[in-house]
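Peer 1: Could you have a look at this structure, given as structure tokens, before my questions?
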Amino acid sequence: MNGADGRTRTGDLTLTKRLLYQLSYIGTWLGHCNGLALDNGLTAGGFRTKQRLRAQFSEVETQVQTKGTLTVICGPMFSGKSRELIRTVHIAEIAGQPVTLLKAGIDLRYSVDDVASHDGLTMKARAVNTAREIIAIVQSAPVTPTVVAIDEGQFFDQGLAAVCIWLRDKGMRVVVAGLDRNFRGEPFGPMPELLAIADDVIKLRAVCMRCKDPRVTATLPQRLIDGRPAPYDSPEILVGGLDSYEARCLNCHEVPGRPDPGQLIQGMLGH
Ligand SMILES: [Zn+2]
């Protein structure tokens, strides 16, 4: 089944399979009941059967629609995460679905109130500082949102995964965009847990801004301070705009002072 934005959703496929299975079961049962009704000439009984089946069908529909979905859009800078999030929100709005668009308050790249892609696409968003605030925002919304979209997920606290599960359980379509790895190349904030519980993951890639080699893709954010690679022990989050970022491939990603994986392996082997 295609999602509203035209992508194939594994979650939808699972639901579709379940729905088809239940419908085939009801269909078999309907054939059986119709046969009985015809055998006995019971028109009223057939009507009651139809009513009962309609009720069962609504029940199946309700089951399918009760829970929402969680999609995580991740990748390095310049891979189009915010653009993909904005696209999802835009499509939902065209369909007339109420949307709540949020972003981490710490992200001051472009504007406090906008979700902005690197190529200049913007959309009005509400800045929030903690995952907890999201609950209050959704509960106090005049209309319960169909879609809750969150940008810069990596800047949130570890409570974001629980909040996303809560939103999904309420039947909402939750979409979180964020960096899956920090400048050190390690899992970033609540993103690893979100990726594990997501129904759908969209992992985007960029072009390596150093080698620009078309044979490789950039998966890592490279932090630069005064144009030089930031050391491993610099803070995970730097606010103040002294740093700049590039998307880089594994070959070009530089983190001076990063522990040598070879030494870690030797330690594991007891050498
Ligand atoms: Zn490269």
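The values are calculated or read from the model by the stated rules, or taken from the named source; none is laboratory data. Just so we're clear, the structure is a prediction, and the values are computed from it rather than from any experiment. Using ideal geometry, Cβ is built from the backbone for each residue, glycine included, and neighbour counts are taken over all protein chains shown.
Peer 1: What tally of residues in segment 194-229 results from selecting those that are out of contact with any Gly (no Cβ under 9 Å at 6 or more places or on another chain), within 16 Å of the ligand (Cβ to nearest atom) and in contact (Cβ under 8 Å) with a residue 12 or more places away in the chain?
Peer 2: Looking only at that region, the number is 12.
Peer 1: Just to be sure, is A116 modelled with pLDDT of 65 or more and among the hydrophobic types (A, V, I, L, M, F, W, C)?
Peer 2: When the stated conditions are applied, A116 passes them.
Peer 1: Looking at (1) within 16 Å of the ligand (Cβ to nearest atom); (2) within 28 Å of D157 (Cα to Cα), find the lone condition where C252 falls short.
Peer 2: With respect to (1) within 16 Å of the ligand (Cβ to nearest atom); (2) within 28 Å of D157 (Cα to Cα), C252 is out only on (2).
Peer 1: Which condition from (1) modelled with pLDDT of 95 or more; (2) away from the ligand (no atom under 16 Å from the Cβ); (3) under 20 Å from C74 (Cβ atoms) is the one that G257 breaks?
Peer 2: All conditions are met except number (3).
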